[in-house]
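Chemist: Here's a structure for you.
Rule-based calculations on the coordinates, nothing more; no lab input. Treat the numbers as computed from the prediction; the structure is a model and nothing was measured. Here the Cβ positions follow ideal geometry from the backbone for every residue, glycine too, while neighbour counts run over all protein chains shown.
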Amino acid sequence: MRYYASHRIICGADASRVYAIIRNSADWPTLLEPCQAVTVLAADDRCEHIEITALLNGEPMTWQSRRRFQPEVYGIEATVVAPMKLVATMSATWRIVPVNAAQSLVLLEHEYELCSGLAGQVDGVNTQAEAQRFIDSAIERNSITELGNIKAAVERGTPYVPGQEQTLRHSIVCRSSADEVYALIRSTDAWPELFDACTGVEILEATPEGELVRVHAHQNGVAVSWDTRRRYLDAIRRVDYELAVPMPLVAAMRGEWRVVELEADRCLLTVERHWRAHADPAGIRPGIETPEQAATFVHDFVDGNATAEMLAIRALIEEKTTALVSSTTRHHLPYPPDLVYALLADVGGWPSVLPHCESLDVRYDDTVDQEFTMQVRASGATETFRSVRHCDEQTLTITYFQPEPPPVLRRHRGSWQVRAIAGGAEVISRHTALVDIAACDTRFGPGAPDEHKRRVRASLEVNSGATVEACQRHLAAATSARADDDA
C-alpha cells in the first residue's frame, strides 16, 4: 500500500533564492534542524547521490537518496535508494512556485511504501498500522520543521559582514549633449540649489585636476557634513571621488561619475558608489547601534539620495528647472507582502481605510488600470487631485501619475513597491514632483524656493506615512477579527 503526504509554506523570497538553498544539501546540517549529517557520494550539474543522517521522531536514522535537479521549474525529484528503517520505497518532490516577485510557495510531497517485515526495526513498532503512524508522524514533524527553517533562512537574507564593501549604481538617460551634462556634474556650484539633501558647499582646495570639497547636507532630517576629494578626467567625461572625511556612519566611500555619449543630443549619466559602513556606529546617531543597522541606513540613504540627484540633474538639463523634488520613504509592516499590496491596490476601499481621504470618485478600475479623483486633508486644507495608476500584482508594484495634481504642483508621479523582509513586508513609497513656486507663494505666503520644496516634500512624505499607518491599523483589525472568529 502506498502512502502520501504533502506540506507547504509561503516564503518571503523569490523562487530562485529558495531553490538555491534547498538544492545545496551540504548546508542541511546547519540549516535543517532534523538533519545531523550529509555526505555527497556523487554529483554533477543535474543530480547528486547523498547519504543523510537525521532524526525521525527523535531516533537517528541513515538513508541514501538520489536527487535529480530541475532548475527550469525550480524542482527536485528525490528517490530513496537505501531506505530508512520501516520503509521499503520512498520518493520526495520539491517544487518552488513563484507567487509574485516577493513571495514563493514551497511544496514538499512524499510518497512511500512500508516494509513487509517490521519486527525488530524500531522499538515498539510491530504492525503496519504502528509503522504508518511512526513514519507519518516523522514526515509531519520533520517537514513542518524543515520548511520553517527554510523560510527563516531565505527571509533572513545574506547576513551583513562588518567591514565588507557595499556598492550601488544609478543611471539615467538625458536628452542633451554629453558635454553639457558633464559640465554640470563637474561643477559643485549648483549643488545646494539642485540637490534636495545639499544645504551648502565649500571649496577647500582647488587645482586644474581636482578639488577638495566640504559638503553640508541633511541626512534624514539631521544636519551632517563630509569632505570629498574629486578628480576630473575631462577627456573621458569622468569624475572620480573619495571621501577624505566620510559622512556619519561611513568608514570609507569612493565612486565615479561618468557621462557616455549615445547620440549628439542624448547621453547616459551613471554614478557608482562603493563604501564600508562604520564598524562601531554606537552613539553616532540615535537608534543605530549595530553595524547591520548602520549598513542598512547608509544603503537606503545613498539609494534614495542618488535617485533624487539623477532626476534633479535631468530636470535642470532638459527643462531648465530646479523646482523638482524627489522622495523615497520605507515602512515596515508585520504582514505578508501580498496582503499589504492588495490593500494599497484596492482604491475603492480607501474611504474606509484612510482617515485623510474625504471623498473618492473612481472613474475606472479593472484591478490593473485605475483612474480616480480624490479629496484629502493635508496641511490643514483640503486638496483635490486626479490619479491614473497601473497595478502589477506579480511585482507588487503600483505606479501612478497625476494629470491633475494638487494646486502647488505642476506634475506628480510616483510608485508603491512592496517587498518581503524578515517578519513581514517593506513598503517603499517614491515621489517625483515639480513644485509650482508661484502657487506656493499664494498658498503658504512668499518664501524662498528651497523652503517651498522642503514643505512639499515633507507633505508628500507625511501623506505616504499616513497611508501606510492606516493600512497597518486595517490589517491589525482584520487579523484580530479572524483570531476572534477562530477562537
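Chemist: Considering only C-alpha atoms, what is the centroid distance from the stretch 237-255 to the stretch 352-396, in Å?
Modeler: Comparing the Cα centres of the stretch 237-255 and the stretch 352-396, I get a distance of 41 Å.
Chemist: Can you put V125, V325 in order, fewest other beta carbons within 10 Å first?
Modeler: With the sparsest Cβ surroundings first, the list reads V125, V325.
Chemist: Place a point 7 Å from the Cα of L212 along the Cα-to-Cβ direction; which residues of the stretch 229-273 have their backbone N under 16 Å from it?
Modeler: 229-232, 241-247
Chemist: Cα gyration tensor of the chain, axes a ≥ b ≥ c as square roots of the eigenvalues: rounded (a/c below 1.5), prolate (a/b > b/c) or oblate?
Modeler: It is prolate, given that a/c is not under 1.5 and a/b is the larger ratio.
Chemist: Label-point separation (nm) for Q36 and T158, each offset 7 Å from Cα along Cα-to-Cβ?
Modeler: Output for this residue pair reads 3.4 nm.
Chemist: Working out 0.36 nm times the residue gap between R169 and A264, then minus their Cα-Cα distance, what length gain in nm do you get to one decimal?
Modeler: Here the answer is 31.8 nm.
Chemist: Another question, then. Between Y4 and R413, what's the calculated FRET efficiency when r is the beta-carbon distance and R0 is 56 Å? Round to 0.05.
Modeler: So, using R0 = 56 Å, E works out to roughly 0.60.
Chemist: How far apart, in nanometres, would the label points at A458 and R443 be if each is projected 7 angstrom from Cα along the Cα-to-Cβ direction?
Modeler: Those two pseudo-labels are separated by 1.4 nm.
Chemist: Okay, next question. Could you work out the Kirkwood radius for the stretch 223-351, taking every pair of different alpha carbons, averaging 1/r and inverting it, reported in Å?
Modeler: 17.9
Chemist: Let me ask another. Give the calculated FRET efficiency between S91 and H390 to the nearest 0.05, with a Förster radius of 41 Å applied to their Cβ-Cβ distance.
Modeler: Step by step, r from the Cβ atoms, then E = 0.40.
Chemist: Could you give the dipole magnitude of the chain about its Cα centre, charging the beta-carbon of Lys and Arg +1 and that of Asp and Glu -1, in debye to the nearest 20?
Modeler: Computed about the Cα centre, the dipole is about 240 debye.
Chemist: So what is the relative contact order of the stretch 330-380, in percent, for Cα pairs below 8 Å that sit 6 or more residues apart?
Modeler: Relative contact order here is 25 percent.
Chemist: May I pose another question? Take the alpha carbon atoms of the stretch 299-344, find their center, do the same for the stretch 101-146, and report the distance between the two centers in whole angstrom.
Modeler: Rounded to whole Å, the Cα centres lie 50 Å apart.
Chemist: Also, I was wondering about something else. By how many nm would the segment from D450 to E404 grow when fully extended, if each residue of separation counts as 0.36 nm and the alpha-carbon distance is taken off?
Modeler: Between D450 and E404, full extension yields an extra 14.2 nm.
Chemist: May I pose another question? Could you tell me which trypsin sites (Lys or Arg not before Pro) in the stretch 173-246 are loop residues by DSSP with no more than 14 other beta carbons within 10 angstrom of their beta carbon?
Modeler: Here the sparse-neighbourhood loop sites are R175.
Chemist: Taking the Cα atoms only, what angle lies between the long axis of helix 291-319 and the longest principal axis of the chain, rounded to 10 degrees?
Modeler: 40
Chemist: Give me the number: length gained by fully extending E109 to E318, i.e. 0.36 nm times residue separation minus the C-alpha to C-alpha distance, one decimal in nm.
Modeler: Taking E109 through E318 to full extension adds about 69.5 nm, to one decimal.
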